[in-house]
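The values are calculated or read from the model by the stated rules, or taken from the named source; none is laboratory data. None of the values given here were measured: they were computed from a predicted structure. Don't worry about glycine lacking a Cβ; one is built from the backbone with ideal geometry, like all the others, and counts go over all protein chains shown. Surface areas here come from the heavy atoms of the whole protein model, side chains and all, with no ligands, DNA or RNA. Shrake-Rupley method; radii C 1.70, N 1.55, O 1.52, S 1.80 Å.
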2 protein chains.
Amino acid sequence: MSTPAARPTTSPTVLALDVGGTDIKAAVVGEHGMVVRTTVPTRTADREPLDSVLLAAHRLWESVPAGYHVTGLGIATPGIVDDEDGVVRGAENLGWREVPLRSLLEEELGVPVGIGHDVRAGGLAEWRLGAGRGAGDHAFVAVGTGIAASVVLHGAVYAGGGWAGEVGHGGRTTGEPCACGGRGCIETYASAAGIARRYTARTGVHVPGAREVLERAQAGDVVAADVWAHGVDGLGELVAGLVRTLGLRLVVVGGGLVRAGDALLDPLDAAVRRYLTVHPVPELRPAGLGSDAGTYGAALLGWGASGRGTLTDLVVPV
Amino acid sequence: MSTPAARPTTSPTVLALDVGGTDIKAAVVGEHGMVVRTTVPTRTADREPLDSVLLAAHRLWESVPAGYHVTGLGIATPGIVDDEDGVVRGAENLGWREVPLRSLLEEELGVPVGIGHDVRAGGLAEWRLGAGRGAGDHAFVAVGTGIAASVVLHGAVYAGGGWAGEVGHGGRTTGEPCACGGRGCIETYASAAGIARRYTARTGVHVPGAREVLERAQAGDVVAADVWAHGVDGLGELVAGLVRTLGLRLVVVGGGLVRAGDALLDPLDAAVRRYLTVHPVPELRPAGLGSDAGTYGAALLGWGASGRGTLTDLVVPV
């Protein structure tokens with residue numbers, strides 16, 4: 001009887017891509033966390049977003065260290081994403097319309113691919129690995145350049161054919177015109193971009209972002225305080241709407257604006273209470289994964305597609 | 001070999017109770033529809049609602065015809081109903097608080113009991129037997145004395161610990177005071193009761209209900225037209241909110257107000273479109289079971305509790 005030769009074994013990884021309007025955050029994610037990470041500009045003078053996605057995927061693949069192999073790819077994108085069919089129905093800032101992203105990537109790379117909406121992927125990551133870990137049904141609200149929500153219902157992220165959680169637009173008939181064609185959409189005054197833009201419109205002073213508006217408000221600038229308060233009030237109405245519709249007891253707040261910490265969460269809690277009369281007030285919890293939520297979410301989609309489950313053991317540096 | 005004696009067989013039924021503020025609608029429901037139906041006043045000078053429920057249940061049981069037997073009971077009530085725990089957390093108009101209705105009835109009657117919220121039960125019935133038959137995820141909005149919604153998500157009615165769909169209250173900080181303690185709640189101006197009350201408040205003319213307000217509007221009464229339009233606009237905002245949050249493509253509209261037919265649905269469709277900018281406009285469909293939706297829903301809850309499944313073969317007279 002011969003002794004079998006020791007078989008070389010490698011650890012599984014997935015490639016994770018979080019496609020944003022400016023950058024694609026890309027990482028090789030193994031069972032114990034990120035192994036490699038990189039960033040690729042989404043659009044350059046001579047490269048369209050889809051080519052950037054392929055470039056990022058190939059660059060990641062080539063960077064997989066010895067001792068690892070690739071079992072799948074997960075990708076999170078903005079827009080209207082049909083997770084089940086694997087198609088991006090529309091993503092304005094990427095110029096995508098009915099892009100069969102999953103089959104494109106599966107053909108290109110020869111591994112199973114999971115695709116999802118960036119905010120739902122972020123919500124999935126916060127639920128499995130971050131601030132919502134172990135929670136029952138709840139919502140994740142991401143407030144950054146835009147505003148969107150992701151809801152965990154009946155123990156799964158709810159996609160609604162790609163439209164669930166797209167709460168940033170619609171719902172009003174009066175107010176400031178919005179890029180979507182509507183008026184008074186919450187993105188116009190409660191997103192980080194909206195808060196900065198409104199402050200500049202009222203004062204003529206250019207500010208790089210919502211953080212500076214908050215700092216000015218804290219320093220006594222009454223216009224900044226008014227713009228900030230109006231934005232937070234809108235977010236309170238939004239969170240209250242989720243609670244009124246779904247009876248949720250926990251809302252994880254993420255996106256760039258949550259970096260403001262209690263300066264956001266304390267007045268937001270007060271605003272939510274103003275908009276709820278009979279419903280229990282939900283716990284508001286800051287997101288735990290910061291700007292990596294989308295990348296981790298993409299990794300989870302990739303693990304799911306590769307048939308390796310939900311990867312709840314992933315070690316996330318907090 | 002002896003011929004076995006013919007065994008007498010009886011058909012299964014459930015007792016179904018739909019508890020309203022004024023009446024309890026009660027029926028014995030068999031596999032082919034209602035067998036017996038009756039009504040018991042919810043409250044009399046010398047009888048509290050809980051005693052009326054027991055009276056209705058016993059009266060139903062005694063009325064079960066020969067050839068039938070009782071396998072379970074289903075009950076739908078207003079208020080905050082925890083379907084899973086079988087407890088009515090609170091129902092103001094019944095004076096109930098933390099009433100363990102399921103265990104009370106199971107002890108009293110000795111059959112399995114299913115309990116649920118009246119509007120979610122109505123939504124369940126419309127989904128299984130009525131206008132939503134065969135539909136995927138969708139919403140049921142009931143507009144009567146109050147306003148509430150019921151949503152089918154991931155293929156099941158979503159309860160949210162009893163709070164899902166309680167959209168009649170909260171969401172505003174200005175407007176007319178509401179019984180719930182808030183201001184501007186949609187029930188104050190878009191419920192059938194709210195529409196009638198607002199017309200009377202503005203004209204001094206007493207009207208028995210919203211139907212008369214609509215009739216006056218159709219006859220050229222400008223105040224009636226304004227009150228009706230304002231109510232419909234609020235319902236449009238509500239429906240749009242469900243679509244924005246959950247991406248639903250179908251909304252079944254029920255409750256007393258839907259008897260107005262196209263006089264409600266046409267302007268409601270226009271209002272929904274005003275409040276949606278990027279989302280697909282949902283189909284609005286009038287409910288099919290009328291005021292029996294809650295009773296059929298209770299029957300389905302009873303069939304579910306008795307382990308007999310969802311009874312989709314039930315013949316419903318339309």
- Item | Exclusive hit being in contact (Cβ under 8 Å) with a residue 24 or more places away in the chain and among the β-branched types (Val, Ile, Thr), set A:Thr44, A:Thr22, A:Thr71, A:Thr39 | A:Thr71
- Which residues, counting only those in region B:174-186, are farther than 19 Å from B:Ala142 by Cα and crowded, with 18+ Cβ neighbours inside 10 Å? B:Gly182
- Out of curiosity, is B:Ser306 among the small types (Gly, Ala, Ser), closer than 30 Å to B:Leu73 by Cα and in contact with a strand residue (DSSP E or B) (Cβ under 7 Å, 6 or more places away or on another chain)? yes
- Can you name the residue in region A:137-157 that is within 10 Å of another protein chain (Cβ to nearest Cβ), part of a loop (DSSP other than H, G, I, E, B) and modelled with pLDDT under 95 and is also surrounded by the most Cβ atoms within 10 Å (Cβ to Cβ) among such residues? A:His154
- Query: Taking region A:61-78 only, how many residues are within 23 Å of the chain's Cα centre (by Cα) and either aromatic (Phe, Trp, Tyr) or open to solvent by 40 Å² or more (accessible area, probe 1.4 Å) (or both)?
  - Reply: 0
- Message: On the basis of being over 30 Å from A:Gly161 (Cβ atoms), surrounded by 17 or more Cβ atoms within 10 Å (Cβ to Cβ) and over 19 Å from the mean Cα position of the chain (by Cα), does B:Leu248 make the cut?
- Response: no
- Residue that is surrounded by the fewest Cβ atoms within 10 Å (Cβ to Cβ), among those in region B:85-107 that are in a helix (DSSP H, G or I) and at pLDDT below 95: B:Glu92
- Message: Quick check on region B:173-187. Is at least one of its residues more than 10 Å from every other protein chain (Cβ to nearest Cβ) and in a helix (DSSP H, G or I)?
- Response: yes
- Query: Of the residues in region B:228-251, how many are touching a Ser or Thr at 6+ places or on another chain (Cβ under 9 Å) and either of a type in the set (Val, Ile, Thr) or not assigned by TED's automatic domain parsing to the domain that holds B:Ser150 (or both)?
  - Reply: 1
- Query: Name the residues in region B:108-128 that are of a type outside the set (Gly, Ala, Ser), farther than 20 Å from B:Leu265 by Cβ and either open to solvent by 10 Å² or more (accessible area, probe 1.4 Å) or assigned to a loop (DSSP other than H, G, I, E, B) (or both), would you?
  - Reply: B:Glu108, B:Leu109, B:Val111, B:Pro112, B:Asp118, B:Leu124, B:Arg128
- Task: Please specify each residue of region A:96-114 satisfying the condition of being within 15 Å of A:Thr71 (Cα to Cα) and β-branched (Val, Ile, Thr).
- Result: A:Val111, A:Val113
- Note on the structure: Expected output for region A:200-212 (first residue more than 17 Å from A:Gly144 (Cα to Cα), partner among the β-branched types (Val, Ile, Thr) and surrounded by 12 or more Cβ atoms within 10 Å (Cβ to Cβ), Cβ below 8 Å, 6+ apart or cross-chain) is A:Thr200/A:Val207; A:Arg202/A:Val223; A:Arg202/A:Val227; A:Thr203/A:Val223; A:His206/A:Thr200
- Task: Can you give me the number of residues within region B:280-301 that are within 14 Å of another protein chain (Cβ to nearest Cβ) and either touching a residue at least 60 places away in the same chain (Cβ under 8 Å) or touching a strand residue (DSSP E or B) at 6+ places or on another chain (Cβ under 8 Å) (or both)?
- Result: 2
- Message: Taking the conditions exactly as written (crowded, with 20+ Cβ neighbours inside 10 Å, over 20 Å from the mean Cα position of the chain (by Cα) and at negative phi), does A:Gly171 satisfy them or not?
- Response: no
- Query: Do we have any residue at all in region A:19-37 that's part of a helix (DSSP H, G or I), surrounded by 20 or more Cβ atoms within 10 Å (Cβ to Cβ) and small (Gly, Ala, Ser)?
  - Reply: no
- Message: Would you confirm, using the coordinates I've provided, whether A:Trp163 is surrounded by 24 or more Cβ atoms within 10 Å (Cβ to Cβ) and either within 27 Å of A:Gly231 (Cβ to Cβ) or outside the structural domain of A:Val29 (by TED's automatic domain parsing) (or both)?
- Response: no
- Message: Looking at (1) within 19 Å of the chain's Cα centre (by Cα); (2) at pLDDT 95 or above; (3) of a type outside the set (Lys, Arg); (4) assigned by TED's automatic domain parsing to the domain that holds B:Cys185, which one does B:Tyr275 not meet, given that it meets all the others?
- Response: (1)
- Looking only at helices (runs of 4 or more DSSP H) that fall completely inside region B:192-279, which ones have 1 or more residues that are more than 14 Å from chain A (Cβ to nearest Cβ) and acidic (Asp, Glu)? B:210-218, B:222-246, B:262-275
- Only one residue in A:His117, A:His32 is more than 19 Å from A:Ser291 (Cβ to Cβ) and either under 17 Å from the mean Cα position of the chain (by Cα) or not assigned by TED's automatic domain parsing to the domain that holds A:Val151 (or both), so which one is that? A:His32
- Task: From (1) surrounded by 13 or more Cβ atoms within 10 Å (Cβ to Cβ); (2) touching a strand residue (DSSP E or B) at 6+ places or on another chain (Cβ under 7 Å), pick out the condition that doesn't hold for B:His58.
- Result: (2)
